[in-house]
Amino acid sequence: MVDVHAALGRAGLRNVHVREYVRYWAELTGAERIEVISTSDDARLIGEALADGEILPAGEGRYYSRSYVKDTARSEERTIVATSNPADKGVYNNWRPAGEMRPLLEERMRGASAGKTMYVVPYLMAPSGSPLERYAAGVQLTDCRTVALHMIRMARVGVHYIDNLADPGSFVRAVHVTGDLAKLGQGTPDDQRCFVTIADERTIVHFGSSYGGNALLGKIAHGLRQAAYDGWASGEFLAEQFMLIGITDKLTGKRYHVCGGFPSASGKTNLAMMLPPDALADRYRVDFYGDDIAWLRADPDDGKIYAINPEFGVFGVAKDTSEVTNPTALAAVAPGTGTLFTNVAYNDLTHEVWWEGRTPAPPADLAGWRDWTGTLISERPTEDTGAPWAHPNSRFTTTLANVPNVAPDFDDPKGVPIDAIIFGGRTRDREPLIRAITDLAEGVYDGLTLGAEATFAAEGVEGLLRYDPMSMRPFMAYPEGAYAAHWLRVIGSAASQPIFAHVNWFQRDPEDGHYLWPGYRDNLRPLIWLLRLKEGEVRGRQTPVGIIPAHGELDLDGVAATPEELRTILSIDTPRWKQEMRHRERHLEQFAELPEEIWQAHRRVAAALDDAD
Ligand code: OXD
Ligand code: MN
C-alpha cells in the first residue's frame, strides 16, 4: 500500500480532509504511487509524457495526443446525477439514487488503477477571492497523466487552493479512473462506463474514459452540474453553459458585458473570441472572458448581476477553426502557447497538425500525415478516402491568457456586471437575426425553449427543434421546474435587470440554402443594437415575440447582404411562429412544477401572435 501521508506531506498538503479522501481512494483503486500536482509541475509532466510517448511534439511548445478510438466524446446517456432525494429527478438529469450509484462505481473502480500513479490535482473553478470561491474548490484524483496536463490548462491548479479553505472539509471530491478502455464495451448493452455526480454529497465519480468532459472533472462535472446544484441548493447563483464577452464603445468609454447560451455547433466559441468587423474596429473593442461556462449572481452592493468564467482555459472544438471563422483561436494555439491538441490529424515528419476547415483543402503533400486514429493518410483503405482526417470532436486545449483579446480583468474575483443575456439557436427560418426581450419571465421562457434544428432528416422532423433549455440539457442537475424558478429568483433579485435577446446567425435562403447573414465578426452588429436599445438610444419595432431592429437602426456599414436578405432576417413569420408555439407547449408540459410566470409568458406570446393576424 502506497504511503499516502508521506506523498502528501512532501507536497506540503496539510488539509486533513484531503488526506483522508486521497487515502480512501488510493486504497480502493490500488494506485501504486501518489503525486500531488501544481501548475509548476507542467514542464516536468510534459517531459515525462513525451518520453513515454503519451503525447507527441507539435511544434515549439505544443503537443499532440490521440485518445482511444472509442473514447472521443462526452457520453450523455452514461452520465448521471445522483442524490439521496428522489424529488431531485428531472427530465434531463438521468437521476439515480446515490445509495445505488456509489457502490456500483466503487465496484468498477476497485483495483482499476493498479500499477498506475494517482495524480492529486487541487484546483479552483473561480478567480481567487471570488464571492463564490467556497463552491469552486475541488480535488481531482486521476490515474491519467494527460488528464492532469489538461486540468493544469483548464483550471487554477495548486496546493494552496485547498490548504487554506475557510471550511477545510468543503471541497468537491472528484475521482477519475480511466479503466481498461479496450474492455469497456463502449456503445454495447454491456457498456461499463459510468459518469456520476453525487450532487448532494459534492462528490464526482467518473469511470471509463480519459476524454474531455468525461475526464476533466473541474470543467463540466464540477463547473456545470455540481455548481448548478450548489447554486440552487444555496439559492446564491446560477451555473450555465454560457460564453462571456466584454464590448467597449471607445467613443463613449462605456463598457458592456454580454453572456449567453448556444446549443453545440451554434458558434459559441467563435462568438466569444470575435473581433469587431473592420468597419466598426475604430469604435468598438471586444474582450474575451470565456467560451463555455459562466456563474451568475446578484450583487447585494450595487444590485447588478455579476458573472465569472470559472475556467482557466479553453477546450475548443478544432473543426472549422480558421483565419476566417476564428483568427483569435488560432493565435491562442500558436507555437509557444503550451497547447495540447487531441484527435486532430498529425504529421510524423513535420509535427504539424491539421483539421477539417483549418485550410480550404487538406495538405497536398501527404508524406507523414496520419488521421486521428493514427492511420497514415497515404495508406488508408479506398473506402476510407473520404473520411475526415481529424475527428469531428477533436480539440485544442489552451489557457485563457493565450487568447490575444482576453479581457484585462478576466481574473477579477468580483466578476463583471452583465448588461445582456442572449440565447442563440441554429434555425434556418422563423428566428430573426435578433429579437430583444425586456421582461424577465419572457426571457427565461425564451431560454427554456432554446433549441437547434435537427440537421439531418434522420435526426428529427424537418424544422422541429431539438430543445436544449438554456443550452444546459446535458448538464441539468435538478428538475427543470425548479431550475426555471431559480432563474426567476436569482435574476429577479437584481435591482438592475439585464436585457434578454434571442439571436440567430443561421437563416437560409429557402431556394438555394445559402446563409442570409454573413455571421462571424458581423455578429457584433446586432449585439451593439441590443445594448443601444437597453440604453434607450434606439427604440426598435415591437413584435409578438420581442423587439427587432427598426429600419436604419442596425449599423450595416460594410455588410455584404442584399436588402431582400436583410428584410427576411429582420421580420417575423407569424404562421411559422404559431406552428412553433404548439411544439413549445408540448416541450414545456414535460416539466413538473414549471412556474406559472413561465406559462403566462408562453400564453402572452401565443395571444400576441394570434392578435397579429
Ligand atoms: C462540451 C464542452 O462538451 O464544452 O460542451 O466540452
Ligand atoms: Mn460546452
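The values are calculated or read from the model by the stated rules, or taken from the named source; none is laboratory data. The model shown is predicted, which means the values in this text are computed figures rather than measured ones. All Cβ positions, glycine included, derive from the backbone under ideal geometry; neighbour counts span all protein chains shown.
Computed values, structure above
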| quantity | calculated |
| --- | --- |
| Residue ID - surrounded by the fewest Cβ atoms within 10 Å (Cβ to Cβ), chosen from residues in segment 517-539 that are in contact with a helix residue (DSSP H, G or I) (Cβ under 8 Å, 6 or more places away or on another chain) and free of Cβ contacts under 8 Å to residues at least 24 places away in the same chain | ARG539 |
| Residues of segment 373-383 satisfying the condition of being part of a loop (DSSP other than H, G, I, E, B), in contact (Cβ under 8 Å) with a residue 24 or more places away in the chain and not small (Gly, Ala, Ser) | THR373 |
| Residue that is within 24 Å of GLY447 (Cα to Cα), at pLDDT below 95 and surrounded by fewer than 20 Cβ atoms within 10 Å (Cβ to Cβ), where the choices are GLN542, GLN579 | GLN579 |
| Among residues of segment 186-199, those that are surrounded by fewer than 24 Cβ atoms within 10 Å (Cβ to Cβ) and either more than 16 Å from GLU107 (Cβ to Cβ) or within 16 Å of ligand 1 (Cβ to nearest atom) (or both), counted | 5 |
| So GLY12, is it small (Gly, Ala, Ser), more than 25 Å from ASP348 (Cβ to Cβ) and in a loop (DSSP other than H, G, I, E, B) | yes |
| Residue tally, condition surrounded by fewer than 24 Cβ atoms within 10 Å (Cβ to Cβ), within 22 Å of VAL16 (Cβ to Cβ) and in contact with a strand residue (DSSP E or B) (Cβ under 9 Å, 6 or more places away or on another chain), over segment 125-136 | 1 |
| Segment 280-322, subset of a type in the set (S, T, N, Q) and within 16 Å of ligand 1 (Cβ to nearest atom), residue farthest from PHE237 (Cα to Cα) | THR321 |
| Among (1) surrounded by fewer than 24 Cβ atoms within 10 Å (Cβ to Cβ); (2) within 16 Å of ligand 1 (Cβ to nearest atom), the one test that SER209 misses | (1) |
| Residue ID - nearest to ligand 2 (Cβ to nearest atom), chosen from residues in segment 202-222 that are touching a strand residue (DSSP E or B) at 6+ places or on another chain (Cβ under 7 Å) and among the small types (Gly, Ala, Ser) | GLY212 |
| Selection count, segment 149-199, where residues are in contact (Cβ under 8 Å) with a residue 60 or more places away in the chain, out of contact with any Gly (no Cβ under 7 Å at 6 or more places or on another chain) and not β-branched (Val, Ile, Thr) | 16 |
| Residues satisfying the stated conditions in segment 397-435, i.e. in a strand (DSSP E or B), surrounded by fewer than 24 Cβ atoms within 10 Å (Cβ to Cβ) and at pLDDT 95 or above | THR399, VAL406, PRO417, ALA420 |
| Qualifying positions in segment 60-95 - surrounded by fewer than 18 Cβ atoms within 10 Å (Cβ to Cβ), part of a loop (DSSP other than H, G, I, E, B) and either touching a Lys or Arg at 6+ places or on another chain (Cβ under 7 Å) or at pLDDT 95 or above (or both) | GLU60, GLY61, TYR68, VAL69, LYS70, SER84, ASN85, LYS89, VAL91 |
| Filter pass, ILE434 being β-branched (Val, Ile, Thr), in contact with a helix residue (DSSP H, G or I) (Cβ under 6 Å, 6 or more places away or on another chain) and within 30 Å of THR574 (Cα to Cα) | yes |
| Which listed residue is without any contact (Cβ under 8 Å) to a residue 40 or more places away in the chain, more than 16 Å from ligand 1 (Cβ to nearest atom) and not hydrophobic (A, V, I, L, M, F, W, C), from ARG202, ARG145 | ARG202 |
| Of all residues making up segment 245-268, the number that are at pLDDT 95 or above and either touching a Lys or Arg at 6+ places or on another chain (Cβ under 6 Å) or not charged (D, E, K, R) (or both) | 15 |
| Exclusive hit being out of contact with any Phe, Trp or Tyr (no Cβ under 7 Å at 6 or more places or on another chain) and either more than 26 Å from TRP529 (Cα to Cα) or at pLDDT below 95 (or both), set LEU594, LEU570, LEU566 | LEU594 |
| Top-ranked residue of segment 236-266 - restricted to ones that are surrounded by fewer than 22 Cβ atoms within 10 Å (Cβ to Cβ), closer than 21 Å to LEU448 by Cα and not acidic (Asp, Glu), ranked as farthest from ligand 2 (Cβ to nearest atom) | ALA265 |
| Qualifying residue in segment 349-372 (condition: assigned to a helix (DSSP H, G or I) and away from ligand 2 (no atom under 16 Å from the Cβ)) | no |
| Residue that is farthest from ALA155 (Cα to Cα), among those in segment 271-295 that are under 22 Å from the mean Cα position of the chain (by Cα) and away from ligand 2 (no atom under 16 Å from the Cβ) | LEU275 |
| Looking only at segment 545-560, and only at residues there that are buried (at least 17 other Cβ atoms within 10 Å of the Cβ) and under 31 Å from the mean Cα position of the chain (by Cα), the one that is farthest from PRO498 (Cα to Cα) | ASP555 |
